[in-house]
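A.B. asks: Please find one structure pasted underneath; my questions will follow.
The values are calculated or read from the model by the stated rules, or taken from the named source; none is laboratory data. Keep in mind the model is a prediction, meaning the values are calculated, not measured. Heads up, the Cβs are rebuilt from the backbone with ideal geometry, glycines too, and the neighbour counts pull from every protein chain shown.
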């Protein structure tokens with residue numbers, strides 16, 4: 001993985017984490033927290049989309065942002081449910 005790919009990966013993770021925070025109306029995580037939530041969300045989103053039969057790699061950068069954001073929303077939802085219990 002080149003340095004350019006790593007920077008793009010982290011930028012997509014940060015954007016996805018920020019978008020998920022806005023969608024879920026949750027507290028602010030900061031840049032590092034957004035990147036972590038977005039990267040974990042990307043893994044979760046890719047896994048769920050593959051289980052459902054969708055190609056998580058389709059759509060280029062926009063598809064990666066959508067996949068990571070939806071995965072991050074799922075992650076924040078689960079975290080919120082665990083906190084309430």
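A.B. asks: Could you please tell me which pairs satisfy a Cβ distance under 8 Å, a separation of 6+ or placement on different chains, a first residue in the stretch 1-28 that is within 16 Å of residue 63 (Cα to Cα), and a second residue that is loosely packed, with under 10 Cβ neighbours inside 10 Å and modelled with pLDDT under 95?
C.D. replies: From residues that are within 16 Å of residue 63 (Cα to Cα), the pairs are 9/1.
A.B. asks: Residues 33, 41: which one is free of Cβ contacts under 8 Å to residues at least 60 places away in the same chain, assigned to a helix (DSSP H, G or I), surrounded by fewer than 17 Cβ atoms within 10 Å (Cβ to Cβ) and out of contact with any strand residue (DSSP E or B) (no Cβ under 8 Å at 6 or more places or on another chain)?
C.D. replies: Unique residue meeting the criteria: 33.
A.B. asks: OK, next. Please find, among 49, 54, the residue that is farther than 16 Å from residue 27 by Cβ and in a helix (DSSP H, G or I).
C.D. replies: Among 49, 54, only 49 is farther than 16 Å from residue 27 by Cβ and in a helix (DSSP H, G or I).
A.B. asks: Assess whether residue 59 counts as being surrounded by 15 or more Cβ atoms within 10 Å (Cβ to Cβ) and modelled with pLDDT under 95.
C.D. replies: no
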